[in-house]
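Here's the structure we're looking at; comments come further down.
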Amino acid sequence: MKCIRSKIIGCGHYLPTKVLTNDDLSKMVETNDEWISTRTGIRSRHIAADDELTSDMGVKAVERAMEQAHITPSEIDLILVATATPDNTTPATAAKIAGKLGVKVGTPALDINAACSGFVYAMTIVDNMIRLGQIKTAAVVGAENLSKIVDWSDRNTCVLFGDGAGAVIVRATEGDGSFMDQGVLATKIYGDGTQTENLYSTGGVALTKSAGFLKMNGKEVFKFAVGAMYEACENVLAQVGINTDNVDWLLPHQANSRIIAGVGQKLNIPEEKVIVTVDHHGNTSAASVPLALSESVQAGKIKSNDVVLIPVMGAGFTWGSMLIRM
Ligand code: UT7
């Protein structure tokens, strides 16, 4: 049966120039490369310059995605930015990106904050708007400036996070409703607001009139992450009526290589089909999935028609999964 699909027609990403290694961190706090790499899989991360804004990184990622999609800013009908580290409290970082890109006046632009799950949340919203015929072409961005809300004296958190941005251009395309269609095949998003205390920033507009610093109950998040991402994957696979044999790539949120491996093992997906970028990106929250996707496409790893399974989990708690054919 004919249907509308949301197809990714271009990906792009941007990483700040400055690279911070585990050895660099060992000069700042009581830590070492061995602890960080064995517990997290992280070896280095990119850090935005003091005056580098989330919107600056987002713009670069969208420009690269537009180049790959062969479109101009005038073709964009919506900009949706997933971020927990906006430039300003208001307006939205998406509005600033819209202004810097020069999209047509009248184009809606908004941010969503679903922490590390933000990109899959954003894609879910965009996919529904596209399938309802409300928009044709959207720029979906994940961009984070986490280094600005990291307490650089707290070894429990400062070794984990990084900065960067990834973006995709999504366009309405006709499909036949089958698993062979290119585009978003299924999404599922979840939340549990009773777990806000396990991963949060110590500040906020109403709370402290400042952004605060990241705090995490690492063990609780870890325990929850593997099972939640696994179940979200099972849900989207069941929606489409396929199993992991039909999946070319597992691309989970990049928080910790042990969590990524745990999800892969539970799903019975071999290691060589699992995308890992946390080693050189760190945890970039909402940017992690589009960053890993764009980098893998650019490297020729993820190709047109590949089926990619994308589970995510983050503060809130929020979690979910997306199944897409590129
Ligand atoms: O993106 C959203 C989702 N976020 C995540 O998925 C993160 C989930 N959690 C994790 O990835 C892990 O829990 C961490 C990497 C954060 C921590 O790993 P862990 O194996 O759970 O370690 P731990 O918190 O139990 O800490 C073990 C020890 C502690 O020392 P004691 O109390 O056993 O003496 C910590 O103080 O390691 C110590 N420690 C460190 N040592 C050296 C904590 N951070 C460091 C550090 N360097 N950077």
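The table that follows gives values for the structure above.
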| quantity | calculated |
| --- | --- |
| Share, in percent, of DSSP beta bridges within the chain that are antiparallel, nearest 5 | 75 |
| Under 26 Å from Lys219, Cα to Cα: lysines that are on another chain or at least 8 residues apart | Lys27, Lys148, Lys188, Lys266 |
| The chain, accessible surface, carbon-and-sulfur percent (1.4 angstrom probe) | 51 |
| Among Ala138, Ala206, Ala114, residue whose mean-square fluctuation peaks in a GNM of the chain (springs only between Cα atoms under 10 Å) | Ala206 |
| Directionally averaged shadow of the chain, computed from the convex hull of its alpha-carbon atoms, nm² | 15.4 |
| Heavy-atom SASA rank of Arg258, Arg43 (probe 1.4 Å, accessible area, largest first) | Arg43, Arg258 |
| Spatially proximal lysines relative to Lys7 (Cα-Cα < 16 Å; intrachain offsets below 8 disregarded) | Lys136, Lys303 |
| Loop sites in region 163-255: trypsin sites (Lys or Arg not before Pro), DSSP, at most 13 other Cβ within 10 Å | Lys209 |
| Cleavage-rule hits, GluC sites (Glu not before Pro), region 8-68, DSSP coil, Cβ neighbours within 10 Å at most 14 | Glu30 |
| Region 3-175: Rg to Rh, with Rh as the Kirkwood radius over Cα pairs | 1.04 |
| Cα centre as origin, Lys/Arg/Asp/Glu Cβ charges: region 183-325 dipole, Debye | 280 |
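The values are calculated or read from the model by the stated rules, or taken from the named source; none is laboratory data. Treat the numbers as computed from the prediction; the structure is a model and nothing was measured. Using ideal geometry, Cβ is built from the backbone for each residue, glycine included, and neighbour counts are taken over all protein chains shown. Surface accessibility is based on the protein's heavy atoms, side chains included, excluding ligands, DNA and RNA. Shrake-Rupley method; radii C 1.70, N 1.55, O 1.52, S 1.80 Å.
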